[in-house]
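Undergrad: Submitted below is the structure of interest, expressed as structure tokens.
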Amino acid sequence: MTDLKHSQTIAIADLRYASEVPAVPSDWVAPAGPLTDRLHRPLRDLRISVTDRCNFRCSYCMPREVFDKDYAYLPQSSLLSFEEIARLTKLFVAHGVEKIRLTGGEPLLRKNIEVLIHLLAQMRTPAGKPLDITLTTNGSLLAKKAQALKDAGLQRVTVSLDGLDDAVFRRMNDVDFPVADVLHGIEEAQRVGLAPLKINMVVKRGTNDHEIVNMARHFRGSGCVLRFIEYMDVGATNGWRMDEVLPSAQVVDRISEHFALQPLEASAPGETAERWRYIDGSGEIGVISSVTQAFCRDCNRARLSTEGKLFLCLFASRGHDLRALLRGTYSDEQIAGAIGQIWQQRSDRYSELRAAQAPDASRGARRVEMSYIGG
Ligand code: SAM
Ligand code: SF4
Ligand code: SF4
């Protein structure tokens, strides 16, 4: 009999090398005000993927049928070094970036990641403020690493956890990893002060949606902010289907049946999560409705892949090869000019456009994988 998971998996189109070397403008003049794109969106948030490898095989991200032992990960020489990442980050900060999220793949698999965090923690915005530095992890190595991350200058972490039922969680990570070890990592992160912690749960209807209320109950009053993410059609390998998306509105309804909730204002422009608080004061939750309620209008996020390609949208199919500039003979000013020009030409708004299409119209489209450009 055909395994359902196998039959849903769509062959990978390797888009990692689809990129162009950006033009270095000779006459680019930095804008006097904030740098904005064609839809008047500033550049504030940079997500940096530090590895394309992971020790989990979440079916919605790195299905093991594709990411198997023969999968060609990027060779070490392709990866940006920490010095290269720091050099680029400085240029992004000069353009308005205030928030850095380290991601992957699994960022804690990158050797000596705390050295990079230390470099980033020294940087200041043009207004003299430290950067807001955070990291998204599957939590598997967090108990071991939390103290070193904190000491290096990391402020917060987001931990992905798709349920508390051990059997469900082991099936979703597809490497038989136990819930208890992730919970231990969360405890350690809280103990060393990597707070407030965010917990990300990707909700797949029919797979883990029955865990929503258990998760809400567990994290209420813990100081952690639990966020429910709609299962997205990122990449081209996860066999995404609209009928497996549970709209965030239903997540809020289900929790409200047990615990009264009240909406909160967004904490920052471009915030991806819609926030809700428990009326009894036991904390807040967030819902990220990437599929049912597009939030492209305020999207101020750029993504830097493990090998230094700049992507302007999670759903982009081409990147801009900044590594070619870094490893060429260009000055910081020239590379900053190239980045500025790329951002000024940006008009991406994939989710808004998808919302205007038939629900499944984007299935199988050519796009880079989330494990490559980072979530
Ligand atoms: N490995 C780390 C982790 O899992 O937290 C960081 C990288 S992961 C790509 C970043 C985030 O993307 C995670 O919270 C993950 O759950 C989320 N993610 C991955 N694939 C997704 C999908 N198809 N839909 C929605 N969220 C997804
Ligand atoms: Fe790995 Fe994170 Fe993707 Fe899961 S979501 S496979 S933990 S990169
Ligand atoms: Fe931003 Fe692209 Fe997501 Fe829209 S679809 S919010 S432009 S990353």
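Undergrad: Please name which of GLY235, VAL168, PHE92 has its Cα lying farthest along the dipole of region 2-373 towards the positive end, using unit charges on Cβ (Lys, Arg +1; Asp, Glu -1) and the Cα centre as origin.
TA: Final value for the positive-end residue is PHE92.
Undergrad: Rounded to the nearest 0.05, what FRET efficiency do ASP27 and GLU265 have when you use their Cβ-Cβ distance and R0 = 45 Å? Walk me through the numbers on the way to the answer.
TA: Numbers: r = 42 Å, r/R0 = 0.94.
Efficiency, from the Cβ-Cβ distance: 0.60.
Undergrad: Can you spot the aspartates and glutamates whose alpha carbon is less than 18 Å from LYS144's alpha carbon? Ignore those fewer than 8 places along the same chain.
TA: Leaving aside aspartates and glutamates fewer than 8 places away in the same chain, those within reach of LYS144 are GLU106, GLU114, ASP181, GLU187, GLU188.
Undergrad: How far, in nm, would the chain grow between VAL213 and THR36 when pulled straight, counting 0.36 nm per residue and subtracting the alpha carbon separation?
TA: Details: separation 177, 0.36 × 177 = 63.72 nm, distance 4.03 nm.
Extending this stretch completely gives an extra 59.7 nm.
Undergrad: Could you pull out every residue, at least 5 positions away or on a different chain, whose amide H is within less than 5 Å of the one on ILE199? Hs are placed 1.01 Å off N in the peptide plane, and Pro or chain starts have none.
TA: VAL159, VAL225, LEU226, ARG227
Undergrad: Next up: Farthest toward the dipole's positive end in region 2-373, which of ILE285, LEU79, PHE259, given Cβ charges of +1 (Lys, Arg) and -1 (Asp, Glu) about the Cα centre?
TA: Going by the charge dipole, the pick is LEU79.
Undergrad: Taking springs between alpha-carbon atoms closer than 10 angstrom, which of TYR350, TYR73, TYR231 fluctuates most in the Gaussian network model of the chain?
TA: TYR73
Undergrad: Would you mind telling me which residue in ILE48, ILE279, ILE335 has the biggest mean-square fluctuation in a Gaussian network model of the chain, where springs connect alpha carbons within a distance under 10 angstrom?
TA: Comparing ILE48, ILE279, ILE335 in a Gaussian network model of the chain, the most mobile one is ILE279.
Undergrad: From zero outward in steps of 10 Å, how is the percent of C-alpha pairs of the chain spread across the bins?
TA: Calculated P(r), rounded to whole percents: 5, 24, 35, 27, 9, 1, 0.
Undergrad: Right, something else. Could you work out how far the C-alpha centroid of region 84-98 sits from that of region 126-205, in angstrom?
TA: For region 84-98 versus region 126-205, the Cα centre distance is 25 Å.
Undergrad: What residue among THR51, THR292, THR329 shows peak mean-square fluctuation when the chain is described by a Gaussian network model with Cα springs under 10 Å?
TA: THR329
Undergrad: Here's something else I'd like to know. Over region 2-373, calculate the relative contact order: mean separation of alpha carbon pairs under 8 Å at least 6 apart, over the residue count, as a percent. Show your work: numbers first, answer last.
TA: Numbers: 732 pairs, mean separation 93.0, N = 372.
That works out to 25 percent.
Undergrad: Relative to the longest principal Cα axis of the chain, at what angle does helix 142-152 sit, 0 to 90 degrees, rounded to 10?
TA: It works out to around 40 degrees.
Here, each number is a calculation from the coordinates, and none is a lab measurement. Keep in mind that what you see is a predicted model, and the values were worked out from it rather than measured. All Cβ positions, even for glycine, are placed from backbone atoms using ideal geometry, and neighbour counts span all protein chains on display.
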